Every structure is written in C-alpha cells, then in structure tokens.
Amino acid sequence: QHLGKPVRDFVLDFWGADIAKHQTQVFRSRKDGSFSLENVAFGDVTVFAVSAELARSREMLLHVEPNVTLEPITLELADPLPGRGRVVDAKNNEPLAGAIVQAWTSHGRQMLAPFGVPVLTESDGRFEVRGLASGRGFVSIDLDGYAGTVEFCEITSAGTNDFGVIALTNGASLTVEL
C-alpha cells in the first residue's frame with residue numbers, strides 16, 4: 001500500500017539465506033493490493049515490494065515453518081526520492097552529454113534490479129533520477145566509448161541526494177579467445 005491505499009500493480013522481491021538467489025513475482029490489477037507467495041522455502045525469508053511509480057518498501061523478515069500459517073503482512077511503498085549528479089570525462093573534466101543513468105533497487109550493497117526508466121545526462125553532464133528509497137541508492141552509468149561504472153549514495157528523505165561528480169574513463173577493447 002501507499003499512504004494507506006492499496007497499490008494495484010507491484011513486484012515482490014524475496015529471498016532466503018542467500019540474496020544471490022533472490023526471486024521476483026509480479027502482481028497486476030490487484031484492487032485490494034493483496035498478494036500470496038506460494039512454495040516459499042522454509043526458514044528466514046526477506047521480502048519487499050516495489051512498483052513502477054513508487055520506491056520500494058522497507059524489508060520485512062519472515063520466518064516460514066512447516067504447517068504454520070503466517071499472519072498477513074502490510075508493505076508500505078515509499079514516495080520516490082530524487083538523486084542527482086554530474087558525469088564528466090576523467091581526462092579533461094568536460095561534461096558528458098547523453099550518458100545513460102539507471103537507478104537500481106538494492107539491498108545493502110547488493111544491486112537487485114533496474115528501477116524505472118533510464119535517464120540521459122544533459123549537455124552539462126547533469127542528471128536526476130527518481131524512485132530511490134531511503135538507504136543506499138545505486139545508479140549505473142554507461143556511455144559509448146567509455147567504461148561503464150556503478151556509483152552509490154546514502155539516500156535520505158530530506159534534501160538533495162547527491163551522487164556527486166562521476167568521472168568516466170575511456171573504455172578499452174578486450175579480445176578473448178577460447
């Protein structure tokens with residue numbers, strides 16, 4: 001839900017002991033915002049929700065046991081928070097226009113899935129992404145001719161969340177023969 005109202009379309013992200021094995025399940029047209037996860041492994045399971053318009057909910061840790069029915073949970077989706085930054089060429093500090101900046105849904109230091117539509121840097125290299133949630137926010141930056149990078153920023157609900165100046169270096173070609 002968001003501000004106490006059901007969210008109709010959302011994705012649940014969940015995992016057991018190993019976040020590398022996280023799973024997602026998409027829910028569409030849910031008038032009451034309800035969901036049910038089937039065949040979840042026993043043990044501790046972490047779950048959160050995210051939608052196309054709203055930032056992710058807080059994570060909820062559940063303990064799943066055989067023959068035990070869990071009480072229903074409520075996941076509150078957050079208002080999307082902005083993140084800003086500037087992309088420049090590492091050699092000459094010139095702004096880089098047209099770089100693709102993608103926000104990511106994450107857990108701690110683990111990037112899980114792209115969030116929202118990527119944005120392009122403007123002529124002065126500046127960008128703004130929306131959809132970040134409180135905590136550690138990640139963006140990936142890619143531009144033809146440059147090595148891509150991933151940057152993070154501690155996201156708070158107050159003020160500007162600044163990824164700072166992100167310097168891209170020229171990319172090199174790598175040939176591999178097997």
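Is the stretch 25-85 rounded, prolate or oblate when judged by the Cα gyration tensor, a ≥ b ≥ c being the square roots of its eigenvalues, rounded requiring a/c under 1.5 and prolate requiring a/b larger than b/c? Prolate, since a/c reaches 1.5 and a/b exceeds b/c.
Largest first, what is the accessible-area ranking of ARG30, ARG126 with a 1.4 Å probe?
On the way: ARG30 80, ARG126 125 Å².
Largest to smallest exposure gives the sequence ARG126, ARG30.
By DSSP, the beta bridges lying fully in the chain are antiparallel in about 90 percent of cases.
Reported to two decimal places, what Rg/Rh ratio describes the stretch 53-110 when computed on Cα atoms with Rh from the Kirkwood expression?
On the way: Rg = 19.7 Å, Rh = 16.0 Å.
A ratio of 1.23.
The Cα center of the stretch 104-178 and the Cα center of the stretch 34-92 differ in position by 20 Å.
Per atom type, the chain shows carbon and sulfur on 50% of its accessible surface, probed at 1.4 Å.
Annotation for PHE35 and THR169: the two label points, set 7 Å from Cα along the Cα-Cβ direction, are 4.0 nm apart. Spin-label model, GLU71 to LYS91: label points 7 Å out along the Cα-to-beta-carbon direction sit 6.2 nm apart.
How much area per residue is accessible in the chain when the probe is 1.4 Å and only protein heavy atoms are counted (Å²)?
Working: 10930 Å² over 178 residues.
For the chain, the per-residue accessible area is 61 Å².
If R0 is 35 Å, what FRET efficiency do you get for ASP162 and ILE19 from their C-beta distance, rounded to 0.05? Please list the in-between numbers first.
Values: r = 27 Å, r/R0 = 0.78.
According to the calculation, E is roughly 0.80.
Only Cα sites of the chain enter the Debye sum here, all with the same form factor; the resulting log10 I(q)/I(0) across q = 0.09, 0.13, 0.15, 0.17 1/Å is -0.40, -0.73, -0.89, -1.04, listed in q order.
I need the fraction of alpha carbon pairs in the stretch 114-172 separated by more than 15 Å, rounded to a whole percent. It would help to have the intermediate numbers written out before the result.
On the way: 912 of 1711 pairs.
Summing the P(r) tail past 15 Å for the stretch 114-172 gives 53 percent.
The values are calculated or read from the model by the stated rules, or taken from the named source; none is laboratory data. Everything numeric in this text was worked out from a predicted model, so none of it was measured. Heads up, the Cβs are rebuilt from the backbone with ideal geometry, glycines too, and the neighbour counts pull from every protein chain shown. With ligands, DNA and RNA removed, areas are computed over all heavy atoms of the protein, side chains included. Shrake-Rupley method; radii C 1.70, N 1.55, O 1.52, S 1.80 Å.
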